[in-house]
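Structure, as structure tokens:
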């Protein structure tokens, strides 16, 4: 179960959200935590994937690599 990084970036930009906003929304306190996800250095857990899917209006499956 691995996040599709390009899809996540695309959805964030389409919604007009900053990395800092998304990171705060999914419960990260450090500003750089979400940027580490988008750079592939970190993977969100299942709970945070659920929050991302809710924020972007997509299913968890749509956020994952095929």
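Just so you know, all these numbers are worked out from the coordinates, no wet-lab data involved. Values in this document were obtained by computation on a predicted structure and should not be read as measured data. When we count neighbours, we look across all protein chains shown, and the Cβ atoms used for this are built from the backbone with ideal geometry, even at glycine.
Listing for the model above:
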{"read-out": "CD proxy at 222 nm, helix term only [per DSSP H run n ≥ 4: -39500 (n - 2.57); per residue of the chain; nearest 500]", "value": "-16000 deg cm²/dmol"}
{"read-out": "Protection proxy ranking of 20-29, 52-61 - average other beta-carbon atoms within 10 Å, highest first", "value": "20-29, 52-61"}
